[in-house]
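Q: Here it is, the structure, as structure tokens.
The values are calculated or read from the model by the stated rules, or taken from the named source; none is laboratory data. Everything numeric here is computed off the predicted structure, so don't read it as measured data. All Cβ positions, even for glycine, are placed from backbone atoms using ideal geometry, and neighbour counts span all protein chains on display. The area values use the complete protein model at the heavy-atom level, side chains included, leaving out ligands, DNA and RNA. Shrake-Rupley method; radii C 1.70, N 1.55, O 1.52, S 1.80 Å.
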Amino acid sequence: MQKIWSVVLVLGFSVAQAPQGAVLLRLNDAGNAVVVGAYQGGRFIQAEKLTRLEARRYQVFGPLGRINQAQGAGGLKTPDICDWNRETPLTLLERRAMQYPAYALSAPWNPQPRAVTSFAPAAAHRRVVAAELARLNIKKAPNITQALRTDLDGDGREEVILSANQPGFSIGEGRVEGRYAQEVGDYGLVMVRKLLSDTDLRTFVLDVTHLDKPFDGTEGMPTVITRRIGAILDLDGDGKMEIITEDWMHEGVGSTVWRWNGRQFVKVLEWGCGV
Ligand SMILES: [Ca+2]
Ligand SMILES: [Ca+2]
């Protein structure tokens, strides 16, 4: 009987030491970490629903994998703009050149069980993007801005994850900045190519936008077309990786988490801040 109790005590102690579930932060720059959401008790939770956040250790990721680690002090703060957002103090632990946005994940499992690699897109990939642009009546050339491959769901077949943007990305002071559409047809697109069987190769468009008529300033807002793959991480610990996409709008930015449900990619978390 004594022995059983000591086992229970040890388990209780280890639970207290390692926070359960996962917390995902978006780093907009070195001094700003905002909560995208969490995975707790078997479900994804939007940032504004979180009531507390304990001190945690984070691994920091970009589109190609781990780029830093960080210590979160815990606590949640509501910023002046975007008062549905929740910020938390975070200190990067490695002195490395960083590109933002980046994503900090605290999770007790391996967030990237299979490597994500970048590759030079081939003519076949440009044809796939061109076909999707043609389907949307976008008369611009395919300009692939990110070409990544990994086995997202661990079925032994690699998926190809592409972003295409016209105009391409703009990076200033280590930060990706949204590009405004300049001409009709300028676009941003994120898609996945996935084999559903050995011969059934499908395209899944996660996000796409384009300028469909000239902007003269009399109505609406100018269109920001930048669409990007932010990171590819297992956010719920099931061994399958989710895709974080990034979007930009006029004076606003967003991140969306997409999970493969066996048939399609569905949104499980959305974060945004715009004025
Ligand atoms: Ca796969
Ligand atoms: Ca997962």
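Q: Could you tell me which of the residues Tyr180, Tyr187 is open to solvent by less than 40 Å² (accessible area, probe 1.4 Å), of a type in the set (Ser, Thr, Tyr) and more than 16 Å from ligand 1 (Cβ to nearest atom)?
A: Checking each option against the conditions leaves just Tyr187.
Q: Now for a different question. Is it true that some residue in the stretch 192-203 is touching a Ser or Thr at 6+ places or on another chain (Cβ under 9 Å) and open to solvent by 10 Å² or more (accessible area, probe 1.4 Å)?
A: yes
Q: Across the stretch 162-171, what is the total count of residues that are open to solvent by 30 Å² or more (accessible area, probe 1.4 Å) and either assigned to a strand (DSSP E or B) or outside the structural domain of Ile138 (by TED's automatic domain parsing) (or both)?
A: 3
Q: For the subset of the stretch 99-157 comprising residues that are acidic (Asp, Glu) and without any contact (Cβ under 8 Å) to a residue 60 or more places away in the chain, which member is farthest from Gly262 (Cα to Cα)?
A: Asp151
Q: Hey, Lys213 hits all of (1) of a type in the set (Lys, Arg); (2) farther than 28 Å from Val23 by Cα; (3) crowded, with 16+ Cβ neighbours inside 10 Å but one; which does it fall short on?
A: Result: Lys213 passes all but (3).
Q: Every residue in the stretch 226-265 that is of a type in the set (Gly, Ala, Ser) and surrounded by 17 or more Cβ atoms within 10 Å (Cβ to Cβ), please.
A: Hits for the stretch 226-265 are Gly230, Ala231, Gly254, Ser255.
Q: Could you name every one of the strands (runs of 3 or more DSSP E) located completely within the stretch 172-275 that has at least 1 residues being of a type in the set (Phe, Trp, Tyr) and touching a residue at least 12 places away in the same chain (Cβ under 8 Å)?
A: 187-195, 201-210, 242-249, 252-260, 265-274
So that you can scan it fast, the table gives a plain yes or no per residue for (1) without any contact (Cβ under 8 Å) to a residue 24 or more places away in the chain; (2) open to solvent by 40 Å² or more (accessible area, probe 1.4 Å); (3) out of contact with any Ser or Thr (no Cβ under 6 Å at 6 or more places or on another chain):
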residue: Gln40; (1), (2), (3): yes, yes, yes
residue: Arg43; (1), (2), (3): yes, yes, yes
residue: Glu54; (1), (2), (3): no, yes, yes
residue: Gly62; (1), (2), (3): no, no, yes
residue: Ala73; (1), (2), (3): yes, yes, yes
residue: Asn85; (1), (2), (3): no, no, yes
residue: Thr88; (1), (2), (3): no, no, yes
residue: Ala97; (1), (2), (3): no, yes, yes
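Q: Now for a separate question. Given the condition modelled with pLDDT of 95 or more, over 20 Å from Met98 (Cα atoms), polar (S, T, N, Q) and within 16 Å of ligand 1 (Cβ to nearest atom), answer yes or no: does some residue in the stretch 135-156 qualify?
A: yes
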